[in-house]
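Novice: Here it is, the structure, as structure tokens.
The values are calculated or read from the model by the stated rules, or taken from the named source; none is laboratory data. All values derive from a computational prediction rather than experimental measurement. Here the Cβ positions follow ideal geometry from the backbone for every residue, glycine too, while neighbour counts run over all protein chains shown. Side chains included, ligands, DNA and RNA excluded: accessible areas come from the protein's heavy atoms. Shrake-Rupley method; radii C 1.70, N 1.55, O 1.52, S 1.80 Å.
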Amino acid sequence: MSLLTRARNTPPIFSHYNVMPVIDVYGGVSGLDLGRVLAGIRPFISQAEKKLPAGSSIQVRGQVDTMRSSFIGLSVGLVAAIALIYLLLVVNFQSWLDPFIILTALTGALAGVIWGLHVTNTTLSVPAMMGAIMSLGVATANSVLVVTFARSNLQQGLDPLNAAGNPVLNGCAPC
């Protein structure tokens with residue numbers, strides 16, 4: 001059901017925001033996430049902006065501002081965390097290549113997160129983004145173990161294909 005079919009006309013509430021007179025339009029929706037609601041009201045906002053008198057504007061406030069700032073903050077934090085992890089791994093491995101190999105696993109983890117959100121029909125939200133950040137941490141930790149194992153096997157004289165292989169097949173069952 002679209003937003004238009006559920007819209008009702010009610011008297012507007014006149015108030016002030018930062019000393020400026022405003023007309024608040026409240027909307028209560030159920031069964032839809034905030035992103036879909038915002039996408040549904042954008043056409044109405046753009047039509048109304050064309051008819052506004054000079055000096056007037058339309059601002060969407062409320063939970064939309066919180067959602068945007070949360071997503072921006074988490075996205076910046078995610079990118080900064082990946083960069084910091086890379087630099088820490090460079091120091092730890094004393095190599096620029098090994099950390100790059102480790103971080104290539106993050107693309108698979110992100111693909112898994114996106115697939116999981118799609119399969120479960122879950123919208124992108126703050127808890128989902130925090131879960132994605134945590135899964136990236138687990139993928140990084142696993143990649144560190146795999147690269148460390150392969151480097152150790154290379155130092156013991158194994159060829160690269162067998163060094164990166166299964167620990168049980170290489171005689172390292174307790175690893």
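Novice: Each residue of the range 58-67 in turn: what ³J(HN,Hα) in whole Hz from Karplus with 6.51, -1.76, 1.60 and θ = phi - 60°, glycine and Pro shown as x?
Specialist: With the stated coefficients, the range 58-67 comes to 10, 10, 8, 10, x, 5, 5, 4, 5, 4 Hz.
Novice: Additional query: Quick one: grab the alpha carbon gyration tensor of the range 72-169, order the square roots of its eigenvalues as a ≥ b ≥ c, and give me rounded if a/c is under 1.5, else prolate or oblate depending on whether a/b is larger than b/c.
Specialist: Judged from the Cα gyration tensor, the range 72-169 comes out oblate (a/c at least 1.5, b/c at or above a/b).
Novice: Count neighbours as other Cβ atoms within 10 Å of each site's Cβ, and list the chymotrypsin sites (Phe, Trp or Tyr not before Pro) in the range 73-132 that are DSSP loop with at most 12 such neighbours.
Specialist: Passing both the DSSP loop test and the Cβ count: Trp96.
Novice: How charged is the neighbourhood of Gly35? Take every other residue with its Cβ under 12 Å from the Cβ of Gly35, and add Lys/Arg as +1 and Asp/Glu as -1.
Specialist: Here the charged neighbours net out to +2.
Novice: With every protein chain kept in the model, how would you rank Val22, Val119 by accessible area, 1.4 Å probe, largest at the top?
Specialist: The residues order as Val119, Val22, largest area first.
Novice: With everything on Cα atoms, drop me the angle between helix 97-119 and the longest principal axis of the chain, reported from 0 to 90° to the nearest 10.
Specialist: The helix 97-119 is inclined about 50 degrees to the chain.
Novice: Sequence gap at least 6, Cα distance under 8 Å: using those rules, report the relative contact order of the chain to the nearest whole percent.
Specialist: Across the chain, relative contact order equals 13 percent.
Novice: With every protein chain kept in place and ligands, DNA and RNA left out, what is the accessible area per residue of the chain? Probe 1.4 Å, answer in Å².
Specialist: The answer is 74 Å² per residue.
Novice: Which residues' amide hydrogens lie under 5 Å from the amide hydrogen of Val22, considering only partners 5 or more residues apart or on another chain, with H built in the peptide plane?
Specialist: Ser15, His16, Tyr17
Novice: Rounded to the nearest percent, how much of the accessible area of the chain (1.4 Å probe, protein heavy atoms only) is carbon and sulfur?
Specialist: 66
Novice: Sticking with this structure for a sec: Angle between the Cα long axis of helix 126-155 and the longest principal axis of the chain, 0 to 90 degrees, nearest 10?
Specialist: Between the helix axis and the principal axis of the chain, the angle is about 10 degrees.
Novice: If you add up the charges near Phe44, with Lys and Arg at +1 and Asp and Glu at -1, over every other residue whose beta carbon is less than 12 angstrom from its beta carbon, what do you get?
Specialist: Taking every Cβ under 12 Å from that of Phe44, the sum is +2.
Novice: Binning at 10 angstrom from zero up to the longest distance, how are the C-alpha pair distances of the chain distributed in percent?
Specialist: Computed distribution, short to long bins: 7, 24, 22, 16, 13, 9, 6, 2, 0.
Novice: Now, a different point. What number comes out for the charge environment of Ser152, summing +1 per Lys or Arg and -1 per Asp or Glu over other residues with Cβ under 15 Å away?
Specialist: Net charge around Ser152: -1.
Novice: Something else now. Taking DSSP loops as anything outside H, G, I, E and B, show the longest stretch in the chain free of trypsin sites (Lys or Arg not before Pro) there with at most 10 other beta carbons within 10 Å.
Specialist: The reported range is 62-175.
Novice: Moving on to the next point. Any chance you could look up the accessible area of Met130 with a 1.4 Å probe, heavy atoms only, rounded to 10 Å²?
Specialist: 110
Novice: By per-residue mean of other Cβ atoms within 10 Å, what is the highest-first order of 69-78, 23-32?
Specialist: Ranking, from highest mean packing down: 69-78, 23-32.
Novice: Before rounding to the nearest 500, sum -39500 (n - 2.57) across all DSSP H runs of length at least 4 in the chain and divide by the residue total; then give [θ] at 222 nm in deg cm²/dmol.
Specialist: -21000 deg cm²/dmol
Novice: Something else about it: Can you give the accessible area of Asp33, probe radius 1.4 Å, in Å² rounded to 10?
Specialist: Number for this one is 40 Å².
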